[in-house]
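K.L.:
Below are the structure tokens for one structure; questions will follow.
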Amino acid sequence: MLKVIRQSGNLTQEELAERLSVDVTTIQGWESGRRPLMAVSAGTYLRIRHFLLRNGTSPRLLSQLDTAMEADRFIGYVLSHEGPLDLDAHPLASWVITRPFTDLIGWTFTGTAPSALASAPVRRRGPVPPGPRLAADERNHVITHLRAAAEQAALDTTEGALLRRQAHYVAGFDSSSETVEWLAVMQRAEQRRLRPGEWSPSWAVVRSGAHTLARRGDAEALPRFIGVHIETDQCEIANLNYWAYWLGELADPQLSDAFMIEVDLDAWHGGRLVEHLTTRLDRSNPYVDVVAHTLWSLVHRKPGAVTPTRGRALAEAVQKILEEGGISPQSRRELQEVLYALRIVHRR
């Protein structure tokens, strides 16, 4: 991330080193990971951030550096860990991870750069990787660690459910057949602990598990989850609140998944969510079923989030996917209801 930010400001390593009064090998070490940036003093880190901000770095891009430090800390924790797990102190049991954090972790597995970097991609010079990479043995260590954390997490506590959910989700970035099989086994075990239509910490685990399995090619995972486990007001609210947190409409950090049912829907606007879901309304999207259902729920529960401009864009996207076909009967039915609701609003 430091490299991306430096390049976005058209600075060479030598120029940045001179401005910060450090040796160029220090910059090279920070960017390559040989010298962890998190090892510098707080004062030094703030000086780096202030300089980059003064040099014209966008605050949005610079915020990714803070998130990258958090992601780096997590990967370092996992790679350095040996022996029995301290589940209470595990990073994935202490807070609800965010989309920017997850995108950065996923970057090391999939090679797909976070969406936040679309306007400032990594520029390569010579045989340099376009992003962070884990060696094969490091990747295996991380996956083994995550599997152990998920399997050992307490079954009857909120913290245990949070650890299971997040370890399961992050492990899903690994595409090996062994990991995919393990994900399916864990999901079936979690579903047996959850009664249909009931919200509990296990509901959040099953929700994330369905998304992970959908990403790995299980076309029935999300329709099955929607049909069985989102059928009450509480579960609908939980789904919407989690989307709001995932997309940053709920800015405050959350310590447990209980926020999904504790936060009032009026605490966030919904405009960003409408816009995001509109762009994801594509039959090739493995999450299209939950996108359609969430749009249906959002339009009915927070109609104020659909301004005329957003409404027109949404109506066009809905009309297009309905004409193309290739979606589940439930998604088709829900999107038809969305289109009807939008037409009623526009007549007013």
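The values are calculated or read from the model by the stated rules, or taken from the named source; none is laboratory data. Just so it is clear, the structure is predicted and the values come from calculations on it, not from any experiment. Cβ coordinates were reconstructed from backbone atoms using ideal geometry, including for glycine residues, and neighbour counts include every protein chain displayed.
K.L.:
Just to be sure I understand, how many residues within the range 241-265 are of a type in the set (A, V, I, L, M, F, W, C) and touching a Lys or Arg at 6+ places or on another chain (Cβ under 7 Å)?
P.N.:
3
K.L.:
Looking at Ile344, Ile321 in this structure, which one is more than 27 Å from the chain's Cα centre (by Cα) and either closer than 28 Å to Asp264 by Cβ or assigned to a helix (DSSP H, G or I) (or both)?
P.N.:
Ile344
K.L.:
I'm trying to understand the selection: among the residues of the range 208-234, which are more than 26 Å from Asp174 (Cβ to Cβ) and either touching a Pro at 6+ places or on another chain (Cβ under 8 Å) or surrounded by fewer than 19 Cβ atoms within 10 Å (Cβ to Cβ) (or both)?
P.N.:
Hits for the range 208-234 are Gly227, Val228, Glu231, Thr232, Asp233, Gln234.
K.L.:
Let me ask something else. Which numbered condition trips up Leu162, out of (1) in a loop (DSSP other than H, G, I, E, B); (2) touching a Pro at 6+ places or on another chain (Cβ under 8 Å); (3) surrounded by 13 or more Cβ atoms within 10 Å (Cβ to Cβ)?
P.N.:
(1)
K.L.:
Any idea which of Asp282, Asp289 is buried (at least 21 other Cβ atoms within 10 Å of the Cβ), outside the structural domain of Arg165 (by TED's automatic domain parsing) and under 21 Å from Thr102 (Cβ atoms)?
P.N.:
Asp289
K.L.:
Then there's this: Pick from Thr294, Thr309, Thr278: which is closer than 15 Å to Val338 by Cβ and more than 17 Å from the chain's Cα centre (by Cα)?
P.N.:
Every option except Thr278 fails the conditions.
K.L.:
In addition: Is there any pair linking a residue in the range 187-215 that is at positive phi to one that is of a type in the set (D, E, K, R), with Cβ under 7 Å and at least six apart or on different chains, and which?
P.N.:
Sorted first by the residue in the range 187-215, then by its partner, the pairs are Gly197/Glu231.
K.L.:
Something else now. Taking the range 245-269, which residues are buried (at least 17 other Cβ atoms within 10 Å of the Cβ) and under 14 Å from Ala161 (Cα atoms)?
P.N.:
Ser256, Asp257, Ala258, Phe259, Met260, listed by residue number.
K.L.:
Suppose we filter the range 74-85 for residues that are over 17 Å from the mean Cα position of the chain (by Cα) and in a helix (DSSP H, G or I); how many remain?
P.N.:
Total satisfying the criteria: 5.
K.L.:
Which residues, counting only those in the range 129-150, are surrounded by fewer than 15 Cβ atoms within 10 Å (Cβ to Cβ), without any contact (Cβ under 8 Å) to a residue 40 or more places away in the chain and among the charged types (D, E, K, R)?
P.N.:
Answer for the range 129-150, where residues must be surrounded by fewer than 15 Cβ atoms within 10 Å (Cβ to Cβ), without any contact (Cβ under 8 Å) to a residue 40 or more places away in the chain and among the charged types (D, E, K, R): Arg133, Asp137.
K.L.:
Ok, one more. How about the range 1-24: which of its residues are under 26 Å from Gly111 (Cα atoms), surrounded by fewer than 18 Cβ atoms within 10 Å (Cβ to Cβ) and among the β-branched types (Val, Ile, Thr)?
P.N.:
Within the range 1-24, just Thr12 meets the criteria.
K.L.:
Hey, another quick one. In the range 90-97, is there at least one residue being surrounded by fewer than 18 Cβ atoms within 10 Å (Cβ to Cβ), closer than 28 Å to His145 by Cβ and not assigned by TED's automatic domain parsing to the domain that holds Gly172?
P.N.:
Checked the range 90-97: no residue is surrounded by fewer than 18 Cβ atoms within 10 Å (Cβ to Cβ), closer than 28 Å to His145 by Cβ and not assigned by TED's automatic domain parsing to the domain that holds Gly172.
K.L.:
If a residue has to be among the acidic types (Asp, Glu) and part of a helix (DSSP H, G or I) to count, how many in the range 172-214 make the cut?
P.N.:
Final tally of qualifying residues: 3.
K.L.:
Exactly one condition in (1) in the same structural domain as Pro91 (by TED's automatic domain parsing); (2) over 26 Å from Thr98 (Cβ atoms); (3) among the hydrophobic types (A, V, I, L, M, F, W, C) is not met by Phe74; state its number.
P.N.:
If we test Phe74 against (1) in the same structural domain as Pro91 (by TED's automatic domain parsing); (2) over 26 Å from Thr98 (Cβ atoms); (3) among the hydrophobic types (A, V, I, L, M, F, W, C), just (2) comes out false.
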